[in-house]
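To start, the structure under review is shown below, and the notes come after it.
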Amino acid sequence: MSLLLTREEYESLSNSIELPSGAFIDGRARVAASGETFETFNPANGQVLNRIAACAQPDVDLAVEKARDAFDDGRWAKRHPTERKKAMIKWCKLIRRHRHELAVLESVESGKPIQEIANVDLEETLHCLEWHAETADKIYDETAPAGDDAVALVVREPIGVVACILPWNFPMQMMAWKAGPALAAGNSVIVKPAEQTSMSALRLAELASEAGIPRGVLNVVTGYGESAGAPLGLHADVDMVSFTGSTEVGRKFLEYSARSNLKKVVLECGGKNPCVVLDDAENLDVVAEHATQAVFWNMGENCSSNSRLIVHRDVKDALLERILHRVRDWRTGDPLDPANRLGAIVSREQYDSILNYIEQGKREGAELVLGGKAIEADGGWFIEPTIFDNVRPDMTIAREEIFGPVLAVIVISGVDEAVKMANDTNYGLAASVFTSNVKRAHRVARAIRAGTVTVN
Ligand code: NAD
């Protein structure tokens, strides 16, 4: 099946598909116990898109109860691992069959360009789910050293009920990253999508049910963080939380755990990631390609976006010229048009926040060399790819995560200064280094305090 349709075909699909709106609990779609809904918007035109069940404590309690029942009676946890694998693989086949519909659902609620969803998000979602499905009957337990009179086993067991709290920037992928391994291991899962992007999660859960993943095993509670996320974090019968989102809210999940049952919490939070380019970096065309992609991909709404370009003064002008040349080719506009590489910003709040940061960059004296404005189109929330040169490390745009298409160029004169600058941040998620000297590459990669460092 072709990965991409035409603009007209996507448009027609978006007018004909049913938009899921009910929470998915115990194998079926439901309205919230209160009957309340909240509005979601299409970022490409600012119009109301859907009204989704506004879940709160009673809905979370029901979802946890059903997930716990499913876990305790072993309908999934005790199913033969090969059978769990088969159900998950069937789920993937259904996702593939419904790929265009899922791509449209994700695009119209997030503003993401459809070509990115089709080529990257969906492929990565499938890859992740298939990979974890395959592990279900291939991961072995271990035998630990013990005397002749004992057998000591290290056994891998599902933990129980796992809550997966998702951000809005990669909705399907994030669901796959969390629910994939949890389901393969036999857990019951409750997904809480970001309030801006619930529909792809709801549709994925329906397809899981159709594939034979039993009711109660994969649930989706929709709603706002305070009303649907916090009750999951505080619930005494949730055994683990896997969270991706802002540092501020990640911190809250640690508090929720401390205040409730000390549930295990895994956090993936924000970043203000450096891309370090040293004076001996070879082939600036290749560096420019990476640097452009790393900051502007997904409109910069990317936790590992390389939003700080820390570049040696001897190569800065040549590199910046190449980046400017490339980014001018990135068309911004209607997310359903496969020719567009950049779509709309996910929400009015995020759009305002990014524009505020841009104004702050101008006020604090950074040199605007590209973009810097909203793009007026159909009432949508579009922003030009924006580059500030000569950014000082104390400026707000060098310190705070903007989560938008804004690059801060910081000039350095040597390797030690580059490392110092890279580490001058409260974050530590990802980093990139470009150099042609292998020794330097290792030294700098080790000296940068980040979870993942890529070289060249
Ligand atoms: P967010 O923290 O605002 O929201 C994330 C999730 O938490 C949402 O589902 C939201 O409803 C929920 N939530 C919000 N307030 C809550 C509360 N008080 N209690 C319980 N739940 C609550 O993040 P976002 O705006 O959706 O996503 C952007 C952030 O996510 C950025 O900071 C970005 O860096 C980060 N992110 C990190 C990664 C990573 O892999 N490290 C990946 C993607 C996004």
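The values are calculated or read from the model by the stated rules, or taken from the named source; none is laboratory data. All of these numbers come straight from a predicted model, not from anything done at the bench. Neighbour counts are summed over all protein chains in view; Cβ atoms, including those assigned to glycine, are modelled from backbone coordinates with ideal geometry.
Some points to look at:
- For segment 293-307, a tally of residues being crowded, with 23+ Cβ neighbours inside 10 Å and away from the ligand (no atom under 14 Å from the Cβ) returns 1.
- Tabulated pairs, segment 259-270, first of a type in the set (Ser, Thr, Tyr), second assigned to a loop (DSSP other than H, G, I, E, B) and surrounded by fewer than 18 Cβ atoms within 10 Å (Cβ to Cβ), C-beta under 7 angstrom, 6+ apart or interchain: Ser260/Ala236
- Every condition in (1) away from the ligand (no atom under 11 Å from the Cβ); (2) in contact with an Asp or Glu (Cβ under 9 Å, 6 or more places away or on another chain); (3) under 20 Å from Ala56 (Cβ atoms); (4) part of a loop (DSSP other than H, G, I, E, B) holds for Gly186 except the one numbered (3).
- The set of residues in segment 161-176 being in contact (Cβ under 8 Å) with a residue 60 or more places away in the chain and either buried (at least 24 other Cβ atoms within 10 Å of the Cβ) or out of contact with any strand residue (DSSP E or B) (no Cβ under 7 Å at 6 or more places or on another chain) (or both) consists of Val161, Val162, Ala163, Cys164, Ile165, Leu166, Trp168, Asn169, Phe170, Pro171, Met172, Met174.
- Residue check for Glu124: under 30 Å from Arg348 (Cβ atoms), in contact (Cβ under 8 Å) with a residue 24 or more places away in the chain and in contact with a Lys or Arg (Cβ under 9 Å, 6 or more places away or on another chain): no
- Test: residue in segment 137-157 that is crowded, with 19+ Cβ neighbours inside 10 Å and under 26 Å from Ala208 (Cβ atoms): no
- Residue count for segment 185-227 under the criterion of being closer than 24 Å to Lys78 by Cβ and among the hydroxyl-bearing types (Ser, Thr, Tyr): the result is 2.
- Of the criteria (1) buried (at least 21 other Cβ atoms within 10 Å of the Cβ); (2) more than 22 Å from Lys93 (Cβ to Cβ); (3) more than 8 Å from the ligand (Cβ to nearest atom), which one Leu234 fails: (1)
- Identity of the residue in segment 369-380, aliphatic (A, V, I, L, M) and touching a Ser or Thr at 6+ places or on another chain (Cβ under 7 Å), that ends up surrounded by the most Cβ atoms within 10 Å (Cβ to Cβ): Leu370
- Condition check for Arg449: part of a loop (DSSP other than H, G, I, E, B) and either closer than 10 Å to Val276 by Cα or without any contact (Cβ under 8 Å) to a residue 60 or more places away in the chain (or both): yes
- Considering the conditions (1) surrounded by fewer than 21 Cβ atoms within 10 Å (Cβ to Cβ); (2) within 23 Å of the chain's Cα centre (by Cα), Gly343 is excluded by exactly one of them, (1).
- Selection of segment 216-230 for residues being more than 19 Å from the chain's Cα centre (by Cα) and either surrounded by fewer than 23 Cβ atoms within 10 Å (Cβ to Cβ) or more than 15 Å from Pro193 (Cβ to Cβ) (or both) yields Gly216, Val217, Glu226, Ser227, Ala230.
- Between Thr197, Thr244, the distinction of being within 12 Å of the ligand (Cβ to nearest atom), more than 24 Å from Arg30 (Cα to Cα) and in contact with a Pro (Cβ under 6 Å, 6 or more places away or on another chain) belongs to Thr244 only.
- Residue satisfying condition, being free of Cβ contacts under 8 Å to residues at least 40 places away in the same chain and touching a helix residue (DSSP H, G or I) at 6+ places or on another chain (Cβ under 6 Å), within set Ala77, Ala33: Ala33
- Positions within segment 203-231 being within 14 Å of the ligand (Cβ to nearest atom) and in contact (Cβ under 8 Å) with a residue 24 or more places away in the chain, in sequence order: Val220, Val221, Thr222, Gly223, Tyr224, Gly225, Ser227, Ala228, Gly229, Ala230, Pro231
- Filter pass, Glu321 being over 14 Å from Val277 (Cβ atoms) and either of a type outside the set (Ser, Thr, Tyr) or modelled with pLDDT of 95 or more (or both): no
- Yes/no for Lys316 being surrounded by 24 or more Cβ atoms within 10 Å (Cβ to Cβ), of a type outside the set (Gly, Ala, Ser) and away from the ligand (no atom under 12 Å from the Cβ): no
- Condition check for Glu359: within 24 Å of Val48 (Cα to Cα) and away from the ligand (no atom under 16 Å from the Cβ): no
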